[in-house]
Structure formats: C-alpha cells, structure tokens
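Remarks on the structure that follows.
The values are calculated or read from the model by the stated rules, or taken from the named source; none is laboratory data. It should be emphasised that the depicted structure is a prediction, and the values quoted were computed from it without experimental measurement. Reconstructed Cβ throughout: ideal geometry from the backbone, glycine too, with neighbour counts over all protein chains shown.
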Amino acid sequence: MIPLEWFLIVAGVIFVIGMIGVIIARNVMIIFMSIELMLNAANLAMVAFSREMGTLDGHVMVFVIMTVAAAEAAVGLAIIIALFRNRDTANIDEVNVLKW
Amino acid sequence: MELAIFLMASALSIAASILVIIQRNPIASVMYLLTSFVSQVILFIMLNAAFLAMLQIIVYAGAILVLFLFVIMLLNLRREDFGKDIKLKFKPLAIAFAVVLLFETTVAISSSAMLERAQAQLPPEFGSVQAVGMELFTKYLYPFELTSILLIVAVLGAVVMAKKRL
C-alpha cells in the first residue's frame, strides 16, 4: 500500500509543471495542454484522498472535473480557432488588443 | 513490486509532463500529454479507482486529445513559429512560483492531520462501476444532472464560437 503523501507529492509536482507551462509557454495550444495537466493533477489528489477516507465522494468529484475539462476543451478550442481565423496567429503575445 | 510500479508510473508521468511544456512541436506535446495521462491511469488503478481509470482513457485520451490534434491540424501552424513558443523572460517568475508552491505543498502535506488517522478499510468493490454509479445516481443525482446542462452550454458555446458569421 503506497502511502497517501507520495501520491500527493506526485500530484503537486505535476500541478507545478502545468503552472510553469502556463507562465512560460507562448503557444495557445501548449498553454491549454498545461491547464489540462493541472486539472489532472487535481484529479489524482482527489482519488488519493478518496482512498484514504474510504468514501467514493472523491470519485464523483473527479467525474465532474472530467466533465468540466471536456466542456472547457470544446469551448477553448473553439475560441482558439476563432482567434486563429481573425488574427492568423497562435502566439498569445500577438493577441494584446485587450491589454491595458 | 507495488512500489516499483508506483515509482515507474509517477516518474514517467512527471517526465512526460515536463516534455509537454518544453516541446517545440505541438503535435509532439500532445503525444507526451497522452503518455502522461496513461501513466496517471496506472496510478488511478493502484488507488482502486477502476471506473475512473477507464473514464480517463475514454474521455481524455479518446476524446479531448483527439480534439487537440484536430485543432492543431486545422490551425496549420508554420514551422518557423515553433521556436518562439517559449518566452524566457518569464522563466525567473515561473521558477519563483514553482519553488513557493512546491514548498507550500510539502509543508501542507507533512503537517496534515490526515496522515495520523488510521487508514479506512476498503470494501472489495471500492471504485467499481457499480459502486461509483450507485453514488452518482443516489447521493449526487442533482449535481450529476447539472453536468448535463453544463455540457449543453459548452456545445452551444463551441458552435457559436467556431461559426464564421452568426
């Protein structure tokens, strides 16, 4: 039986990698994938806690998170397509009209 | 044996996650993301989450990543733009955030009261499709129905967004 902390540390490391990706990547697609990584790290922590508590509440929560991730992917990718059609770029540094 | 599988799966997952964000080519990034997800499925199985492991493969690997590949294909990115994907100006900021967050996580984990309680005894069907389904359709029926509304809104939003002209 692997202890809970180990899973939490793996989840934390993956979450931090996703966060670094959001900060340093300029390609919208890579930023999007980093967000998926962060969601998945949260899922892993959720499942680990669920086993520790012996209840299935965490599993239901992960189910909902997966639904949200799917919805987010659909809407976000549609936004990226609209962006690419209008600006012909996938680099977020060139999308700065709304910047102060 | 269990420890070896855990270490292999988590190392593979972390390594693939790092490769996702440092790759120049988005298609390669998607492939590494797939590797990361599949190795997390191994961790899910070790945590007695059989249903979620299947769901992870079907939803993430089967649906979301294919969507990613489709969009990358549609975008028709130019190869000379690949090199500009990572901006090193933000690297110190990213490292600072990462160190702080990892430190916080470690402190929170090591000082947590969760670790002192006795581990719950798991029934053999824990995490099976039947067990999670029972939970989903009795205790969490209302939130479960709300997710369907969320999906409808997302579908409508995606169609509206991707349309050329309304």
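Would you check if B:Val71 is at pLDDT 80 or above, within 22 Å of the chain's Cα centre (by Cα) and more than 26 Å from A:Ile14 (Cα to Cα)? Show your work before the answer.
Values: at pLDDT 80 or above: yes; within 22 Å of the chain's Cα centre (by Cα): yes; more than 26 Å from A:Ile14 (Cα to Cα): no.
When the stated conditions are applied, B:Val71 does not pass them.
Restricting region A:58-100 to residues that are facing chain B (nearest Cβ under 7 Å) and in contact with an Asp or Glu (Cβ under 8 Å, 6 or more places away or on another chain), the residue that is surrounded by the most Cβ atoms within 10 Å (Cβ to Cβ) is A:His59.
Taking each residue of region A:53-81 that is acidic (Asp, Glu) and looking for partners that are part of a helix (DSSP H, G or I) with beta-carbon atoms closer than 7 Å, six or more apart or interchain, yields A:Asp57/A:Ser50. If you take the residues of region A:11-57 that are at the interface with chain B (Cβ under 7 Å from one of its Cβ atoms) and outside any helix (DSSP H, G or I), which of them is farthest from the chain's Cα centre (by Cα)? Restricting to residues being at the interface with chain B (Cβ under 7 Å from one of its Cβ atoms) and outside any helix (DSSP H, G or I), the top hit is A:Gly54.
For region B:89-111, state whether one or more residues are loosely packed, with under 14 Cβ neighbours inside 10 Å, more than 30 Å from A:Ile24 (Cβ to Cβ) and at pLDDT below 90. There is at least one residue in region B:89-111 that is loosely packed, with under 14 Cβ neighbours inside 10 Å, more than 30 Å from A:Ile24 (Cβ to Cβ) and at pLDDT below 90.
Going by the conditions given, is B:Val155 exposed (fewer than 15 other Cβ atoms within 10 Å of the Cβ), under 24 Å from the mean Cα position of the chain (by Cα) and at the interface with another protein chain (Cβ under 8 Å from one of its Cβ atoms)?
It is true that B:Val155 is exposed (fewer than 15 other Cβ atoms within 10 Å of the Cβ), under 24 Å from the mean Cα position of the chain (by Cα) and at the interface with another protein chain (Cβ under 8 Å from one of its Cβ atoms).
Across region B:117-125, not a single residue is classified as within 8 Å of another protein chain (Cβ to nearest Cβ), surrounded by 10 or more Cβ atoms within 10 Å (Cβ to Cβ), farther than 28 Å from A:Leu4 by Cα and without any contact (Cβ under 8 Å) to a residue 60 or more places away in the chain.
Where in region B:1-59 are there helices (runs of 4 or more DSSP H), lying fully within it, with 1 or more residues that are at positive phi and at pLDDT 90 or above?
Correct list: empty, since no element meets the threshold.
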